[in-house]
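Rule-based calculations on the coordinates, nothing more; no lab input. Predicted model, so just to flag it, every value in this text is computed and none were measured. Methodologically, a virtual Cβ is constructed for each residue, glycine included, from the backbone with ideal geometry; neighbour enumeration extends over all protein chains shown.
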Amino acid sequence: MASMSPHLLQPMITKLESISSLTEEERYAVESLPVRVRTHQSREDIVRDGDRVSQCCLILEGWAYRYKILGGGRRQIFSFHIAGDIPDLPSLHIPLMDHSLATMTKATVAFIPHEAMRDLTYQFPRLAAVLWRDTLVDAGIFREWMACMGQRSAYDHLAHLFCELYLKQEAVGLAGEHRCPLPMTQADLGDATGMSNVHVNRTLQEMRGDGLIILRNKTLVIKAWNELIRAAEFDDTYLHLRERTVG
């Protein structure tokens, strides 16, 4: 079903405006994109590794994650996604999926035809540049995850991830006062960081004991923001937010 609601695609506009500026004409062009909306239950695949796709997935509500299944059923999580993210934006130019995208929570997803996205970028070159910028920011996040995986301790790694997830949500109005949703399980955190469940649990207990965080009812409460930043050696430059919170 196509929709022209000026509010339906607001999460996409909010996300893009967190990293760049949009004109009124550009906002209207985004709002006017034809979409098909579907609600997915928690832990459902949206697209699978090997699929050839003809549309992009925009998260309107809820959480999603990108992952790949390796031999023996081992899972590697590549990224977590919130409302406003278009996790498979590269499929606009590389339609054969080389990983899977699934919901972490119940999620509302808008499917935007590739043809409509291409028309948008042809008609509005500045929007094409903003979408390209979003893809480059995504690549920067991948680099930070690689640095964490290879060189940071478990404690520093989780601290860095929590800083990142908080700031990403704060930038689009989903978090504030050092409190944000955190719906992933310890198994999810382990598959994203390369740690065992036991190691994740032990590290979270240590962080709680040090007074840095509280995890309760799928909510992250950061009790000592400056100390968390120091533990993570966190610099938010790689997020390229328009209004930087750190540094």
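Structural remarks
- For the range 152-239, the Cβ-based charge dipole about the Cα centre amounts to some 340 debye (Lys, Arg positive; Asp, Glu negative; other atoms uncharged).
- Taking Lys and Arg as +1 and Asp and Glu as -1, the other residues whose beta-carbon sits under 10 Å from that of Phe80 total -1.
- Considering only Ala110, Leu92, Gly62, the residue lying farthest towards the positive end of the dipole of the range 10-136 is Gly62, judged by Cα position with unit charges set on Cβ.
- Derived scalar couplings ³J(HN,Hα) [the range 76-91; Karplus, 6.51 cos²θ - 1.76 cosθ + 1.60; whole Hz; x for Gly, Pro]: 10, 8, 9, 6, 10, 9, 10, 4, x, 6, 10, x, 9, 3, x, 5
- Backbone amide hydrogens, once placed in the peptide plane, bring Leu60 within less than 5 Å of Gly84, Thr108, Val109, Ala110, excluding anything fewer than 5 places away on its chain.
- Note that the chain, at 37 °C in a medium of 0.692 mPa s, gets a Stokes-Einstein diffusion coefficient of 175 µm²/s from its Kirkwood radius over C-alpha pairs.
- Candidates Leu182, Leu70, Leu60, ranked by Gaussian network fluctuation over the chain, Cα under 10 Å, top entry: Leu70
- Separation in nanometres of the label points that stand 7 Å from Cα toward Cβ, at Gln123 and Val37: 2.1
- Taking Asp191, Asp51 and counting other C-beta atoms within 10 Å, the order from fewest to most: Asp51, Asp191
- The angle between the Cα long axis of helix 114-123 and the longest principal axis of the Cα atoms of the chain comes to about 80 degrees, rounded to the nearest 10.
- For the chain, adding -39500 (n - 2.57) for each run of n ≥ 4 DSSP H residues and dividing by the number of residues yields -12500 deg cm²/dmol at 222 nm.
- For the range 1-133, size of Cβ-based charge dipole, Lys and Arg +1, Asp and Glu -1, in debye: 500
- For the chain, the longest principal axis of the alpha carbon atoms and the long axis of helix 154-171 meet at an angle near 40°.
- Cα centre as origin, Lys/Arg/Asp/Glu Cβ charges: the chain dipole, Debye: 600
- For the range 147-226, the calculated P(r) over all alpha carbon pairs, in 5 Å bins from 0 to the bin holding the longest distance, is 3, 15, 27, 28, 18, 7, 1 percent.
- Local electrostatic count at Gly62 - Lys and Arg +1, Asp and Glu -1, tallied over other residues with Cβ under 13 Å: +1
- Loop sites here are trypsin sites (Lys or Arg not before Pro) outside DSSP states H, G, I, E and B with no more than 16 other Cβ atoms within 10 Å. The longest part of the chain free of them is 107-217.
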